[in-house]
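Written below as structure tokens is the structure these notes are about.
Taken together, the values in this text are just the output of simple stated rules run on the coordinates, not laboratory data. Bear in mind the structure is a predicted one, so any value in this text is a computation, not a measurement. Here the Cβ positions follow ideal geometry from the backbone for every residue, glycine too, while neighbour counts run over all protein chains shown.
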Amino acid sequence: MSRNKTCIVFLGPAGSGKTTLTHRFSYWLSELNIDAALINLDPAVRSIPYSADYDIRAIINIWDIMDREKLGPNGAVIRAAELMEVKSGEIVKNILNIDKNMYLIDTPGQMEIFLFHRSGVEIIGAIRRHVKAVSILLIDPKTLISPVEIVVVELLNLIVRLKLETPTLAVMNKFDLITSKEIIKMISSRKILRKAIRGISGVQRDLALKCIAILTNITPVKTIVPISATTGKGFEELYGLLHEVWCECGET
Ligand SMILES: Nc1nc2c(ncn2[C@@H]2O[C@H](COP(=O)(O)OP(=O)(O)O)[C@@H](O)[C@H]2O)c(=O)[nH]1
Ligand SMILES: [Mg+2]
């Protein structure tokens, strides 16, 4: 493993802001004189706002697949994931050949295609053997409307870690659109979250409390960081957390 190279993998549901964050975070890094490589691994994206150092669409894109294999968009996305798995060796080699010290990886719109298909596991698995990788799970605040939803995001974050075997951070993107102070408090403190869950009733309450106990056992510190990919709010905190994670790997 290179002692100096780092990699950030941006994951999250469609529309959560992965592509925007990849672009804006790279710009923010460039102001710190960090020249990150930008990698697009979404074979179904029409256009991207950044100039990619590696773009999967050069070898796999859903329009060619739809034409060639007479598939609709959904079938083509799944076929693209299969092809990405088959070509994962070549993809990883081309990414690691980019002569930069940091890689920002923008992943497919539909997170499940990357996470629950072998392609993502193969590609990130190979990359993390060479560079210090961290996954960032992006969540749209529209989905964080109750304490239970926050628990769900934290569990999903754990699943990302379990599947990709990288450290993970969860970020609530689109902070600029947030109006509820309650949600910010709940994502900032497990104590406040636990109290809010005690206030609900039924099966969800007991199950959510048990889940929090497990989460606290595994990751004692809360990790949902509010950011805005469009305004840059929270980038400094995010960068600080990334450094903490990289230092914990004992490599920096
Ligand atoms: N207000 C606001 N909109 C955002 C933010 N990040 C992304 N968006 C918008 O959300 C939409 C989806 O973003 P995109 O980066 O394409 O999401 P992806 O599918 O996860 O790659 C676009 O219209 C973005 O302009 C943010 O921080 N604030
Ligand atoms: Mg995208």
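For the stretch 197-237, just say rounded, prolate or oblate: build the C-alpha gyration tensor, square-root its eigenvalues into a ≥ b ≥ c, call rounded for a/c under 1.5, and beyond that prolate if a/b exceeds b/c, oblate if not. It comes out oblate by the Cα gyration axes. Value of Rg to Rh for the chain, rounded to two decimals, is 0.98; Kirkwood radius and Rg both from alpha-carbon coordinates.
Convex hull volume of the Cα atoms of the stretch 184-252, normalised per residue: 103 Å³.
Net charge dipole, the stretch 2-104: roughly 140 debye, given to the nearest 20, about the Cα centre with Cβ charges of +1 for Lys and Arg and -1 for Asp and Glu. One equal scatterer on each Cα of the stretch 21-126, no solvent, Debye formula: the resulting log10 I(q)/I(0) at q = 0.12, 0.15, 0.24 Å⁻¹ is -0.40, -0.62, -1.34. Along the axis of the charge dipole computed for the chain (Cβ charges of +1 for Lys and Arg, -1 for Asp and Glu, origin at the Cα centre), the listed residues A196, V121, W246 are led at the positive end by A196. Which helices pass in the chain if a helix is a full DSSP H run, must span at least 24 angstrom along its long axis by Cα, and must have mean Kyte-Doolittle hydropathy not below -1.0? Those that clear 24 Å and a mean of -1.0 are 147-164. Here's how it looks for Y103: its modeled amide H is under 5 Å from those of T6, C7, I8, A37, which are all 5 or more places away or on a different chain.
Taken along its principal axes, the alpha carbon cloud of the stretch 137-252 reaches lengths of 46, 31, 22 Å, longest axis first. Coupling constants for the stretch 167-177 follow from the phi torsions by the Karplus curve (6.51 cos²θ - 1.76 cosθ + 1.60, θ = phi - 60°), and in residue order they are x, 9, 10, 9, 10, 9, 7, 6, 4, 4, 9 Hz; glycine and proline get x. For the chain, excluding the exposed loop sites themselves (trypsin sites (Lys or Arg not before Pro), DSSP loop, at most 16 other Cβ atoms within 10 Å), the longest remaining stretch covers 130-232. Bridges between two residues of the stretch 108-250, per DSSP, are antiparallel at a rate of about 0%.
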